[in-house]
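The structure under discussion appears below in the form of C-alpha cells.
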Amino acid sequence: MYAIESLVIQFLLNFVGREELNAFFRDPRAVATVLGALIAISGALLGTYLLLRGMSLTSDAISHTVLLGIVVAFLIMTRLLNQPPDLASPWLIVGAGAAGVATVVLTELIQRSGLVKQDAALGLAFPLLFAVAVILVARFIDDVHLDADSVMVGEIGVAWANTNSHCFENCETVVITPDDPRAEVSRQCSNCRDLGISPRDPKAEFIESCTNCGEYSPAQAWQVGLIDEEPATVFFPRALAVMGILTLLTIGFVTILYKELKLASFDSALAQALGFRPGALTYALMVMVSLVAVGAFDAVGSILVIAFFIIPPAAAYLLTDRLSLMLLIAPVIGTAGAYFGYDLARGSLFGLVHLNDILAWINTTFGVSLPATWDSSISASMVLVMAILFIAAWVFSPRYGLVATLIRRGRQRRVFADQVVMGHIYNHQQIGETGELAADSLHQHFDWTPTRMQIALARLRALNLVRVQDNLVLLTDHGMQAVEAFRQNSLGVRA
Amino acid sequence: MPQNPTEDRSVWLVIGVMAALALLFVPFSQIVLGVNYDYTVRTVALGGALLGVVSGVLGCFAVLRRQSLLGDALSHAALPGVAIAFLVAGRELGVLLIGAGVASWVGVQFIQAITRTTRLKQDAAMGITLTTWFALGIALLAYIQASGNASQAGLNTFIFGQAAAIVESDVIMIAVVGAVVFITLGLLWKEFKLITFDPEFAGANGFHITVLQTLLLTLIVIAIVLGLQLAGVILMVGMLIAPGIAARQWTHRLGQMVLLSAVFGAFAGGVGAIISAVDTDVPTGPTIIVVAFSVVVISLGFAPGRGLLWTLLRARQDRRRFAAQNVLRDIYLYNLSHDDPDIVVPQQFLVDLRGSIVRTGLTALEHNGAVVRVNGGWRLTGAGLQAAEADAHNQQLWDLYRVYGDELKLPLVAEDRQKDIRALLPEHAIERLEDLREGAA
C-alpha cells in the first residue's frame, strides 16, 4: 500500500509542486469530495448490476455483515496478535470480504432449508449481525476510531487527518534505543503501591523505562526536533489510497467482464447454456461489493454506504435503457452527490439555496428559536444530494419521468377523444342520420359534459377535421381521410 | 400438515410452559445473576416486556405477510421524524413518537409511490427510502448536536435504544397504546386473518382490502415506533419479527402463533432490558436482538414437527425403516427362488444387490429379531418370515389397488407402500382386492 502511494505521489509531483499537493491533501473539503466520489463511482458501478439483478438489498445485508467482519478482524488483530489498531489494514479488508461472501451463502442456505421465508431470513440476519457487532464494539473496543458514531456516519470529514508521510528529500529515520544519549529515562517504583511505602523507602524497587524510545519516521523526527533539516514530505491520506485502489479494481472488473456481467444479469439461463458460469460471476460481484463496503466503512459508516450502491443506479435506471449509458450516468450522479454533499453539510444546496437563510426565516415566521447555523454530517448530506438527484430524475426523466408520463397520458386521452368523436360522426354521416349529429346535443351520445364536447370540437375544427353547418357537425374531406386512415390501423376495424 | 385437536392442545401446553419459563426468569435472575429489582430495574423490565408483547403480536402479521424488510425500512425511516419533532417541541416523548410515526408513514407512501410510478422494483424502492430517510435523520441529528443544545443528549438513544431512559409514565403510555392496538386487533381479527392469508379471497368477498391493509400497516408502524426507545431504529425490525419467526415454528394456527409470539417478545424485551439496565456498557437494542435470536435458534432447532432436530431424526428413522424393509424383501425373494425358507443368504450377495445401506437394514432387522446371523450369512427367523410374507401380501394388494382401483370404484387414497393398505381402505374394498388376489393365484 505504502509503495503504491509513493508511486502515485511521484506521478503527481510531475505536474504539481509539493506544497500544492500537501495543501490539497490537507484541505478537508478536497479530500472528502475525492473520497466520496471514489466511493460513489465504485458503488454506482457495482450497484447498477445489483439493481438489474433485483439484488439491491443484498448490499444492505453485506454492509451489515461487513461491520461484524471488521470488528472481529479488528479484535483478532489488536487483542490476539497485538498489532497496532489500524482500520485501513489490508487484513481487515480481506476478513470483511470473506464475511460478505459468507452472508450471501448463509442467506441462501437459510432460504433453502424452507423453514423461514427469504425476507424474514434477511430481516433477521441484518439486525442480528449488526447487534453482535455493536455489542462487541461497546464492550471490547475503546479505540477512538471505532465507536458507535463512526459505525453510523463514518468520518469522511476528518479523512484528511489520517495520513502516511512520504519522504523524498533529507530523509533520515531516527531510531532511539535506551542506550542512546538522547533517550529519556524515567524511573518508576514497581512495588510502592502494593507495599504501601514511599519511593524513598529502602525496600522500594524501581523499573526504568525509556519514554521516547522507538523508531521515528522523517516527519516525526523533524516534528520533535531530532533532525536539523526539514525533510521534504508529502502527507497522503490513507483512505484515498485504499479507496482509489478499490475503485480501479471495480472499474477493471466491470470493464473486463462487461460482456459476461451483462449476459448473466439479463439472461442467466442463456449465459449458463453458453458455457459461462453465472454463479461464479455472482459471487465475484458479491466479493467486490464487500470489498467496497469495507473500504468505504471508515469514511461513511456501514449504513449510509448502502445509499452509494442503490440510489445513483436507481436514478440512472430511470434515465436510460442502455446498460453502457447507465454505467456512465450512475457514477456521475454519485460523484455529483459527493461534490455538492459537502456544501450541503455546510448549509448550501447547489449554491442556490442557503439553509441558514431558511432557518432564519423559520425562526422569524414561526417565532421559534432553532439554532441559526446549519452544520451537519457530510456523509449523510452526500446521500441527501443523491436522493434529491434521484427525485429530479423521477420527476423530469424524458421517458419515464412523472412529467413525461403525464404529458403522454394527456396526449393519448386527446387522441382517443378525437377518434371517438370523428368515428361517431363518420358512422352517422355515411347513412345520413342527421339526428345524431346536432352540434348542441352531440355530447349526450358520449355521456360527456357539454364543455368537454365544445373543447373537443374546437380542437377538431382548428385542425380542419370537422365543420359545423346548420347546427350539424360534419367531417371535412380532410377529416374523412383521417377517419379512414385510423380505421385501417385500429384493431376493431369493421369490414 | 394434518391438524388434530390433540396437537392443538399440546401447543397450548407449550405456550403455557414458555410463559411459565419466561416468568421464572425473574427469580432466576434474582438468585443466580444477583439482579436487584429496585424501582428502576422494575420499571425498565416491565416496559421492555410490554413492548415485546406489542411488537411480538404485530410482528406475526409482518412475518406472515412477508413484510419483514418493509419493517426494516420503516424503522430506519422513523429517525428524521424524531429529530424534527425534537426541533419543534423539545424532548417530549409523546411528540417524538408521533414524529417517528409520521416519518415512517411518509416513508411507506414514498416506497409505494416509487413502485407505482416507476419501473423500479420494491427492493430498490425500499433501499432508496431507507437510506434517504436515515441520512436525513442523521443530518438533522448532527445539526442538533452541533448547535450544542444541551437537552439533545437523550436523542441518540433512538439509534441503538436505551432501556434506562424508560420511566414510569412511559410504561403507562405503552400500556395504554398497546391496549388500543390490541382492541383494534381483536375487533378486526377475522378480517386481518383473511387479508394475511388470502387477500384476493377477501377482496372478492367485499372486504375493503386497501383500508384493512393500511390499518394493519398503521398498527405495525405504531408497534415499531413504541419500540424505538428500547431497540433503536436500526435493530427494531429484529424485535418486531424475531418472536413471530420463532412462534411460527411451533404451531400452524394464527391464534396460537400470536400468543406464543407475545410470550417470546415479552421474554426478549424484558431480559434484554434488564441485562442492559444492569450493565450500562451494553446497549439495549443489540441485547434484545441477541436474546430474541437465541429464541429463534432454539425454535428452529427443536420445535416439534418442524424443527431441524426432528427433521434429522425423522430422516434417519425413515432411512433405517426403508433399508430394513428392502433387505427383508431381498432375503425373502432369495428364499423363494431357492424354495427353501431356512436358507442362509450370504451377506456379500445382499451388499452387491443394494450397496452399503444393507448394513443399516440388517442391524435394524437383527434388532427386531427378524433375522439371525449364521456364519457370514443371514437367515430369516419365524417372525421374520411372517413379516416378509405380510409385506409381500401388502405389496400385492397395493399392486392390485393401483391397477383395478378405479375400475372397482374403490375409495381414493394416496399410494404409500410403506403403509398397510388394510389400515387405509374400508373393509369391503379390502375384500374385493383379496378376491382378486386369490383369483390371480
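A few points about this structure:
- Legend: calculated FRET efficiency, B:HIS428 to B:VAL372, from the Cβ-Cβ distance at R0 = 45 Å, rounded to 0.05, equals 0.65.
- Legend: calculated FRET efficiency, B:GLU389 to A:ARG112, from the Cβ-Cβ distance at R0 = 60 Å, rounded to 0.05, equals 0.90.
- Whole-number percent relative contact order across chain B, with pairs defined as alpha carbons under 8 Å at least 6 apart: 19
- Accessible carbon and sulfur surface of the protein assembly as shown relative to its total accessible area, %, 1.4 Å: 60
- Compared with the dominant Cα axis of chain A, that is its longest principal axis, helix A:278-319 is turned about 90°.
- Number of partner chain Cβ atoms within 10 Å, mean per residue of B:64-71: 4
- Per the protein assembly as shown, cysteines lacking a partner by the 4.7 Å Cβ criterion: B:CYS60
- Counted over all Cα-Cα pairs of the protein assembly as shown, pairs farther apart than 41 Å make up 57 percent.
- Size of charge dipole - segment A:403-489 - debye, nearest 20, with Cβ of Lys, Arg +1 and Asp, Glu -1, no other charges: 640
- Averaged over the residues of peptide B:238-250, the number of Cβ atoms from other protein chains lying within 10 Å of each residue's Cβ is 3.
- Mean per-residue shielding of peptide A:386-398 is 2, counting Cβ atoms of other chains within 10 Å of each Cβ.
- The residue list B:ALA303, B:LEU235, B:ALA223 was ranked by how far each Cα lies along the charge dipole of segment B:220-318 toward its positive end, using unit charges on Cβ atoms, and B:ALA303 comes out on top.
- Surface accessible to a 1.4 Å probe, per residue, for the residues of segment B:311-380, Å²: 62
- Extension gain, A:LEU274 to A:SER186: 0.36 nm times the residue separation minus the Cα-Cα distance gives 24.4 nm.
- Solvent-accessible area lost in complex, 30 Å² minimum, residues of segment B:103-122 relative to chain alone, 1.4 Å: B:PHE110, B:THR117, B:THR118, B:ARG119, B:LEU120
- Nearest 10 degrees, 0 to 90: helix A:450-462 Cα axis against chain A principal axis: 90
- Sequence-separation-based contact order of segment B:311-380, relative, with Cα cut under 8 Å and 6+ spacing, percent: 37
- Per residue, the accessible area of segment A:342-495 comes to 59 Å², computed with a 1.4 Å probe over protein heavy atoms only.
- When chain A is described by a simple charge dipole with +1 on each Lys and Arg Cβ and -1 on each Asp and Glu Cβ, the residue from A:LEU318, A:ILE41, A:HIS445 located farthest towards its positive end is A:HIS445.
- Cβ-placed point charges (K, R +1; D, E -1), dipole of segment B:5-306 about Cα centre in debye, nearest 20: 640
- Solvent-accessible area buried by pairing B with A, both sides, nearest 100 square angstrom, 1.4 angstrom probe: 4800
- The C-alpha atoms of chain A define a longest principal axis, and helix A:402-430 lies at about 10 degrees to it.
- If the Kirkwood radius is taken over C-alpha pairs of segment B:298-441, then at 37 °C and 0.692 mPa s the Stokes-Einstein diffusion coefficient equals 191 µm²/s.
- Cα gyration tensor shape for chain B, rounded if a/c is under 1.5, else prolate or oblate: prolate
- A protection proxy built from the mean count of other Cβ atoms within 10 Å ranks the segments B:225-234, A:380-389, A:410-419, most packed first, as B:225-234, A:380-389, A:410-419.
- Label point at A:VAL332 placed 7 Å out along Cα→Cβ; residues across segment A:349-369 whose backbone nitrogen lies under 20 Å: A:350-351
- Across chain A, Cα pairs under 8 Å and at least six residues apart give a relative contact order of 19 percent.
- Cβ charges +1 (Lys, Arg) and -1 (Asp, Glu), total dipole of the protein assembly as shown, debye: 2180
The values are calculated or read from the model by the stated rules, or taken from the named source; none is laboratory data. Values in this document were obtained by computation on a predicted structure and should not be read as measured data. All Cβ positions, glycine included, derive from the backbone under ideal geometry; neighbour counts span all protein chains shown. What goes into the accessible areas is simple: the full protein's heavy atoms, side chains included, and nothing from ligands, DNA or RNA. Shrake-Rupley method; radii C 1.70, N 1.55, O 1.52, S 1.80 Å.
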